[in-house]
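The values are calculated or read from the model by the stated rules, or taken from the named source; none is laboratory data. Computed from a prediction, not measured in an experiment: that's the story for all the values here. Glycine also receives a Cβ, built like all others from the backbone with ideal geometry; neighbour counts cover every protein chain displayed.
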Amino acid sequence: MSTDKILLIINEDRNVRQTLAVIFRRAGYQVITAVDFSQARWYLKDHKCHLIVLDTSVPDLKEGELAEPEKLKVFNGIPMILMLGNSPVEQFGAITQARNYVVLKKPVDPSEIIGCAKGLLN
């Protein structure tokens, strides 16, 4: 199955980014990766994506990125898969308000994350 859907993976860990990219490409998706929110915002200024896969431990989030709504505007309307470690989802209220999202606890099962992506994109 090949699709025109573009996914943006935001994860600071290079190995995890690459692994997720392989999983999604094998499922037929186009994939773009970013190390953090700043890099993702830069990409989204001139490009579109249909789904964001976000590891909630990226440095931008730890440093209060979500407390600045102006910086989040570029993400408006894009569904998200939030990959959580030990952080409560409530901590990310600004990004989850009025947004179509799914929360997955790490480690994430490949079939589960693909299923979530399909659900969010339909």
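Exactly one of (1) under 24 Å from K105 (Cβ atoms); (2) surrounded by 15 or more Cβ atoms within 10 Å (Cβ to Cβ) is unmet by L44. Its number?
Checking L44 against (1) under 24 Å from K105 (Cβ atoms); (2) surrounded by 15 or more Cβ atoms within 10 Å (Cβ to Cβ), the one that fails is (1).
Out of V108, V102, I need the residue that is at pLDDT below 90 and outside any helix (DSSP H, G or I). Which one?
V102
Could you grab me the full set of residues in segment 5-64 that are among the aliphatic types (A, V, I, L, M) and assigned to a strand (DSSP E or B)?
Those that are among the aliphatic types (A, V, I, L, M) and assigned to a strand (DSSP E or B): I6, L7, L8, I9, I10, V31, I32, A34, L51, I52, V53, L54.
Can V58 be described as β-branched (V, I, T) and at pLDDT 75 or above?
So V58 fits the description; yes.
Residues D36, D55, D13: which one is of a type in the set (D, E), farther than 22 Å from N100 by Cβ and surrounded by 14 or more Cβ atoms within 10 Å (Cβ to Cβ)?
D36
Write out, first by first residue and then by second, each pair whose Cβ atoms fall under 7 Å of each other, whose residues are 6+ apart or on separate chains, and whose first residue, in segment 31-49, is among the β-branched types (V, I, T) while the second is part of a helix (DSSP H, G or I).
V31/A21; V31/F24; V31/R25; I32/Y43; T33/R17; T33/A21
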